[in-house]
Structure formats: C-alpha cells, structure tokens
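The values are calculated or read from the model by the stated rules, or taken from the named source; none is laboratory data. Note that the structure is predicted; figures quoted are calculated from it, not measured. Counting neighbours? That spans all protein chains shown, and the Cβs are built from the backbone with ideal geometry, glycine included.
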Amino acid sequence: MSHQSSSGIWAKILILAVLALLIASYFIFPDYKNFIDLTLSAFASGDFKSMRDFIANYGTYAALISFFLMIFQSVAAPLPAFIITLANANLFGWVKGAVLSWSSAMAGAALCFYIARILGQDTAERLTSKAGLESINTFFERYGTHSILIARLLPFISFDLVSYAAGLTSMRFWPFFIATGLGQLPATIVYSYVGGMLTGGAKLLMTGLLILFALSALVVLMRKIYKERKK
C-alpha cells in the first residue's frame, strides 16, 4: 500500500470518527443537543435578527460561535449563509462582520472540498443532493477553468454545492480556494454593508443591491460565454 493511499484511508477514518462523535454527542449531552436545536431554529426562522440575537447571547464568544455557525451551514447544505453574514454585520459592524463572514465561509468551503475529496460521491450526495451535484458538474464542464470564480459571483448558485462538487473533481485545492476567495468577496461586502444598517426601509435597499449585483455578474458571465463561443 502506498503512503498516499494509506494517509487517505486514515484521513477518511478520522473524518468519519469526528462525524460519528458529533452525532452521538447530540443524543448523549443535553446541552449540546439544545445548542444544535437552537441553531437549527435560528436558521429556520429565516430572520437575521433571530440569528443576531442567538449569536449575541454568547457574549465574548459570539465571534467564535458565528465562525462555527458558518462552517456548520457549509457542511449541512443548504442552510442559508446570508443570514449569518447579515447578523455579523449588524452585531460587529460591517467591516469586522465582513472579515468574520468571509474568513469563516472560506474555512467552510475548504472543509466541504476535503470532505468530498476524502469521503467521495456518496457522502457528498447525503450532505447535499444528487441532482444538485449533477447540475454543478454540468456547470463545471460548460465553463471550464473559470467555473469556480463564475459560480462564486452568481448569488443564485449554491455556495456549498460548488465546494462539494469541486472536491469530487481533479481540481487542485489552491486554485479552488483562491477563486472562492475572490469570487465571494463582492457578495460578502454587499451583504455586510447593507446588514450593518438593516432596519426598516433598508431591506428594500438590500433587495435592490442584490438584484443589481446578480445582474452585473450575469452580464460578466454572458460576455465571457460570448467571447469563448466566438473563439
């Protein structure tokens, strides 16, 4: 057995052991179960204020809890990440909130990438959906080397599905990671800036900005497709 295949097996065993421990802890430790239940309830509310209050309850550990929540939603796709981004901005200010949201989303993307790469297709499908992964794979095949960057720029494409799907390809980690960082930065800044002042009529402003952002990204995508087809 080669060193590479041996290390791959041990990595798979480690990830499965950690996942098994987390699942078992849910049924064994009441405090942990309560935390997970409250987390899921905050996501299910779809309200950034509920998420903000949930994070704020942890006081000095609020930023750490937010970091965990972003990673949690990445693995447990398709929980909405934008709720955390809005909550972070409203709680910590839009600059610090953007840094926290961006860095934690990057950590979540890296984790999803390696879960898919190490544990394979079946695990990725259980954590997401088979149809979703197939649609992202089709997107990869169509747009080639720039597909990760394009996908990150389009807010209607699932962030977590892209991370899992990329891990199932022969794509190297660092090109994936760099494209992810660059591609998600504009959306993080927009969400954070608006989230920092999200009260009353600012919701309409957020909607308008997101629509504008989506249309801008779509124009860039269509222009790229046109140039490739012309070549």
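Can you name the number of the only condition in (1) in contact (Cβ under 8 Å) with a residue 60 or more places away in the chain; (2) within 30 Å of Ala17 (Cβ to Cβ) that Ser170 fails? If we test Ser170 against (1) in contact (Cβ under 8 Å) with a residue 60 or more places away in the chain; (2) within 30 Å of Ala17 (Cβ to Cβ), just (1) comes out false. Of the residues examined, Lys12 is one that is touching a residue at least 12 places away in the same chain (Cβ under 8 Å), out of contact with any Cys (no Cβ under 9 Å at 6 or more places or on another chain) and in a helix (DSSP H, G or I). Of all residues in segment 56-81, those being at pLDDT below 90 and either surrounded by fewer than 20 Cβ atoms within 10 Å (Cβ to Cβ) or more than 17 Å from the chain's Cα centre (by Cα) (or both) number 5.
Within segment 50-70, the set of residues being touching a residue at least 24 places away in the same chain (Cβ under 8 Å), over 21 Å from Phe27 (Cα atoms) and not aromatic (Phe, Trp, Tyr) comprises Met51, Arg52, Ile55, Ala56, Ala62, Ala63, Ser66, Met70.
Scanning segment 153-163 for residues that are within 10 Å of the chain's Cα centre (by Cα) and either free of Cβ contacts under 8 Å to residues at least 60 places away in the same chain or over 13 Å from Ala81 (Cα atoms) (or both) yields Val162, Ser163.
For residues that are closer than 15 Å to Gly8 by Cα and of a type in the set (A, V, I, L, M), scanning just segment 112-131, find the one that is surrounded by the most Cβ atoms within 10 Å (Cβ to Cβ). Filtering segment 112-131 for residues that are closer than 15 Å to Gly8 by Cα and of a type in the set (A, V, I, L, M), the one surrounded by the most Cβ atoms within 10 Å (Cβ to Cβ) comes out as Ala116. Taking segment 82-107 as the range and being within 30 Å of Trp10 (Cβ to Cβ) and surrounded by 23 or more Cβ atoms within 10 Å (Cβ to Cβ) as the test, the residues that pass are Ser104, Ala105. Against the criterion of being modelled with pLDDT of 85 or more and not acidic (Asp, Glu), Ala11 does not qualify.
Rundown of residues vs (1) of a type outside the set (Gly, Ala, Ser); (2) on the phi > 0 side of the Ramachandran plot; (3) in contact with a Lys or Arg (Cβ under 8 Å, 6 or more places away or on another chain), yes/no style:
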| site | (1), (2), (3) |
| --- | --- |
| Ala11 | no, no, no |
| Phe27 | yes, no, yes |
| Ile36 | yes, no, no |
| Lys49 | yes, no, no |
| Phe54 | yes, no, no |
| Thr60 | yes, no, no |
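Of all residues in segment 97-117, those that are aliphatic (A, V, I, L, M) and either without any contact (Cβ under 8 Å) to a residue 40 or more places away in the chain or over 16 Å from Gly183 (Cα atoms) (or both) total 5. For segment 96-158, the helices (runs of 4 or more DSSP H) that sit wholly inside it and include 1 or more residues that are of a type in the set (Phe, Trp, Tyr) are 130-143. Here is the figure for segment 16-49: residues that are more than 30 Å from Ala87 (Cα to Cα) and either in contact (Cβ under 8 Å) with a residue 40 or more places away in the chain or not in a helix (DSSP H, G or I) (or both) total 1.
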